[in-house]
Amino acid sequence: MADEFQGFDFQGFDLVRRGYDRRQVDEYLALLDRGTDPGEPPAFDVARRGYDRTQVDTRIARLRAR
């Protein structure tokens, strides 16, 4: 089974009742994708219908480790 957080198999994050603000996460990941080092991830706001926090934290850690 492919790791859902690796490479192009990544399909996005689950939405949860209280998760990270989607816009903030998307903006941070866009910087990483462009090869810009935005520094350590900010303390994302928690919002209703946000991204699953564990999934986001895991994805960012793996991307930054590359």
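The values are calculated or read from the model by the stated rules, or taken from the named source; none is laboratory data. As the structure is a computational prediction, the values presented were derived from the model and not from experiment. All Cβ positions, glycine included, derive from the backbone under ideal geometry; neighbour counts span all protein chains shown. What goes into the accessible areas is simple: the full protein's heavy atoms, side chains included, and nothing from ligands, DNA or RNA. Shrake-Rupley method; radii C 1.70, N 1.55, O 1.52, S 1.80 Å.
Would you confirm whether any residue within segment 27-46 is in a strand (DSSP E or B) and not acidic (D, E)? Taking every residue of segment 27-46 in turn, at least one turns out to be in a strand (DSSP E or B) and not acidic (D, E). Within segment 52-64, restricting attention to residues that are assigned to a helix (DSSP H, G or I) and at pLDDT 95 or above, which residue is least open to solvent (accessible area, probe 1.4 Å)? Out of the qualifying residues, it is V56. Among residues of segment 38-53 that are basic (K, R), those with a beta-carbon under 9 Å from a residue that is open to solvent by less than 40 Å² (accessible area, probe 1.4 Å) and outside any strand (DSSP E or B) at least six positions away or on a different chain give the pairs R53/F44. Report, by residue number, each residue of segment 8-25 that is surrounded by 13 or more Cβ atoms within 10 Å (Cβ to Cβ) and of a type outside the set (A, V, I, L, M). Listed by number, the residues that qualify are F10, F13, G19, Y20, D21, R22, Q24. On inspection, A47 fails the criterion of being small (G, A, S) and at pLDDT below 85. Among the residues making up segment 28-51, those that are in contact with a Leu (Cβ under 8 Å, 6 or more places away or on another chain) and surrounded by 16 or more Cβ atoms within 10 Å (Cβ to Cβ) are L29, L32, G50, Y51.
Inside segment 7-44, can you point out the residues that are among the basic types (K, R) and modelled with pLDDT of 95 or more? So that I can check it myself, show each step before the final result.
From segment 7-44, those among the basic types (K, R) are 17-18, 22-23, 34; that's our starting set.
Matches in segment 7-44: R17, R18, R22, R23.
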